[in-house]
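J.: Following this message is one structure expressed as structure tokens.
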Amino acid sequence: MVIDVKTSVEINAPPKKVSAFVFDPLNEPKWAYSIERVELLTPPPVTLGSRIRRTGHVAGQRLEFTLEITRFEPENALNMKSVDSPFEIGVEYTLTTLDGEKTLVELLLRLDTWQNRATETFAKPLIYKNLEHSLTRLKQTLEKEQKTA
């Protein structure tokens, strides 16, 4: 069963600044709610084909998984898919310029859990809550930096 969860946030910072922060996986523990550690498995800079190992906790369970970047458009989009994970994961970030100095960040998380509708009923609200919390932290982090810059 595939579960798609999509959310977005408007950030009062220019796309160049937002993309530099969001598209650097090493920043994820600073804002992504369930991610505790990120390791680059390929040499920097991050680009198409780069691999990233994420470690974190979801619903009290420790998870470690490897993602590969499948789409990379600096300042616009970054997509990743799992290559080593207990289930299939897809992550899509899309950035859109608003009024020149604001950025809309859209985040889509796609999970194929090989489970049933009951799993979707439980998991989707939890995932949505985690993504909303992550994007709120992202907004706070970048807007705080924007004010001090």
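The values are calculated or read from the model by the stated rules, or taken from the named source; none is laboratory data. Note that this is a predicted model, so its numbers are computed, not measured. A quick note on method: Cβ atoms are made from the backbone with ideal geometry, for glycine too, and the neighbour counts reach across all protein chains shown.
J.: Out of everything in the stretch 99-113 that is part of a strand (DSSP E or B) and within 18 Å of THR141 (Cβ to Cβ), what residue ends up being nearest to the chain's Cα centre (by Cα)? Quick ask: steps written out before the conclusion?
T.: Taking the stretch 99-113 and keeping what is part of a strand (DSSP E or B), we get 102-112.
In the following step, the residues that additionally are within 18 Å of THR141 (Cβ to Cβ) were identified as 102-107.
Details: LYS102: 19, THR103: 15, LEU104: 14, VAL105: 10, GLU106: 9, LEU107: 6 Å.
Restricting to residues being part of a strand (DSSP E or B) and within 18 Å of THR141 (Cβ to Cβ), the top hit is LEU107.
J.: Same structure, new question: Give me the residue from the stretch 127-149 that is modelled with pLDDT under 85 and in a helix (DSSP H, G or I) and, out of that set, surrounded by the fewest Cβ atoms within 10 Å (Cβ to Cβ).
T.: Taking the candidates together, the pick is THR148.
J.: Another one. Given THR66, THR96, THR7, which one is at pLDDT 95 or above, under 30 Å from LYS147 (Cβ atoms), over 13 Å from the mean Cα position of the chain (by Cα) and not in a loop (DSSP other than H, G, I, E, B)?
T.: Numbers: THR66 fails: under 30 Å from LYS147 (Cβ atoms); THR7 fails: over 13 Å from the mean Cα position of the chain (by Cα).
Of the residues listed, the single one that is at pLDDT 95 or above, under 30 Å from LYS147 (Cβ atoms), over 13 Å from the mean Cα position of the chain (by Cα) and not in a loop (DSSP other than H, G, I, E, B) is THR96.
J.: Can you pull out every residue in the stretch 59-87 that is surrounded by 15 or more Cβ atoms within 10 Å (Cβ to Cβ) and in contact (Cβ under 8 Å) with a residue 40 or more places away in the chain?
T.: Selection gives PHE72, PRO74, GLU75, ASN76, LEU78.
J.: Checking the condition out of contact with any Cys (no Cβ under 6 Å at 6 or more places or on another chain), of a type in the set (A, V, I, L, M, F, W, C), surrounded by 18 or more Cβ atoms within 10 Å (Cβ to Cβ) and farther than 23 Å from GLU132 by Cβ, which residue from VAL5, VAL105, VAL46 passes?
T.: Working: VAL5 fails: farther than 23 Å from GLU132 by Cβ; VAL105 fails: farther than 23 Å from GLU132 by Cβ.
After ruling out the rest, the residue left standing is VAL46.
J.: Another question, if that's okay. Inside the stretch 69-93, can you point out the residues that are in a strand (DSSP E or B), of a type in the set (Asp, Glu) and touching a strand residue (DSSP E or B) at 6+ places or on another chain (Cβ under 8 Å)?
T.: Of the residues in the stretch 69-93, the ones in a strand (DSSP E or B) are 69-73, 77-84, 88-93.
Cutting the leftovers down to of a type in the set (Asp, Glu) gives us 73, 84, 88, 92.
Those that are in a strand (DSSP E or B), of a type in the set (Asp, Glu) and touching a strand residue (DSSP E or B) at 6+ places or on another chain (Cβ under 8 Å): ASP84, GLU88, GLU92.
Table: residues versus (1) touching a Phe, Trp or Tyr at 6+ places or on another chain (Cβ under 6 Å); (2) under 22 Å from ALA123 (Cβ atoms); (3) among the acidic types (Asp, Glu).
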position: ASP24; (1), (2), (3): no, no, yes
position: PRO29; (1), (2), (3): no, no, no
position: THR47; (1), (2), (3): yes, no, no
position: GLY56; (1), (2), (3): no, yes, no
position: GLY100; (1), (2), (3): no, no, no
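J.: Another one. Only residues in the stretch 17-42 that are more than 19 Å from LEU63 (Cβ to Cβ) count as the first member; pair them with residues that are among the polar types (S, T, N, Q), Cβ under 6 angstrom, at least 6 apart or cross-chain, and list the lot.
T.: Qualifying pairs under 6 Å: VAL18/THR103; PHE21/ASN27; THR42/SER50.
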